[in-house]
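Visitor: Structure incoming, see below.
The values are calculated or read from the model by the stated rules, or taken from the named source; none is laboratory data. Small disclaimer: the values here were computed from a predicted structure and weren't measured. Virtual Cβ from ideal backbone geometry, glycine too; neighbours counted across all protein chains shown.
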Amino acid sequence: MKKRLLQLFIVPAIIFGICSCSDKGGGGGGDEANLVVTLNPPAGSIQPAVPQIDFPLTVSITSAMPPQGVTIDVKAAPDGSTTNFYTESKSTTAANNNFTITGTPTGVVCVTTVTVTSKSKATNTVTLSYRYTRKP
């Protein structure tokens, strides 16, 4: 009788314990924080027209850096155009990244678009833009 009682309670307890200890996770160290990015000149701004040739841009990742870093794509084109006069792509793990936009046409409002994408999670992406004009 004691043996039967043990079998009814201990065997299911052992089976339950083994099943609850199995690995059900896929690994990978948890969720990646959403990217937070700031630009200088600020995103969404319309910069006053200036008579310079080169236009500096700083892209700052202010959130936690993804484990494999990010790719930063910078494009500049006249407003309303799909033809870029400037493109640059940079793979980085640095928080602050400097670019120099060159080839800006004079007297035309231009749009700079910056896309930052995590290299470890492609859906973790941020796209920001601002407008500026080069004076003749």
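Visitor: Name every residue in region 96-123 that is in contact with a Lys or Arg (Cβ under 7 Å, 6 or more places away or on another chain) and of a type in the set (A, V, I, L, M), in order of residue number.
Guide: Within region 96-123, V109, V111 meet the criteria.
Visitor: Just give me the residues in region 117-136 being more than 26 Å from F55 (Cα to Cα) and buried (at least 18 other Cβ atoms within 10 Å of the Cβ), in sequence order. Let's see the steps before the verdict.
Guide: From region 117-136, those more than 26 Å from F55 (Cα to Cα) are 119-124; that's our starting set.
Within region 117-136, just N124 meets the criteria.
Visitor: Which residues, taken from region 99-127, are within 14 Å of K75 (Cα to Cα) and polar (S, T, N, Q)?
Guide: T100, T102, T104, T112, T113, T115, T127
A quick yes/no check of all residues on (1) at pLDDT 95 or above; (2) closer than 22 Å to P136 by Cα; (3) aromatic (F, W, Y):
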residue: K2; (1), (2), (3): no, no, no
residue: L8; (1), (2), (3): no, no, no
residue: F16; (1), (2), (3): no, no, yes
residue: G26; (1), (2), (3): no, no, no
residue: A33; (1), (2), (3): no, no, no
residue: A76; (1), (2), (3): yes, yes, no
residue: S91; (1), (2), (3): yes, no, no
residue: N98; (1), (2), (3): yes, no, no
residue: I101; (1), (2), (3): yes, yes, no
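Visitor: Another question, then. So which residues in region 60-114 are touching a Leu at 6+ places or on another chain (Cβ under 8 Å) and of a type outside the set (G, A, S)? Write out each step before concluding.
Guide: As a first pass, look at region 60-114 and keep what is touching a Leu at 6+ places or on another chain (Cβ under 8 Å): 60-61, 63, 66, 70, 74, 98-101, 112-114.
I61, P66, V70, V74, N98, F99, T100, I101, T112, T113, V114, listed by residue number.
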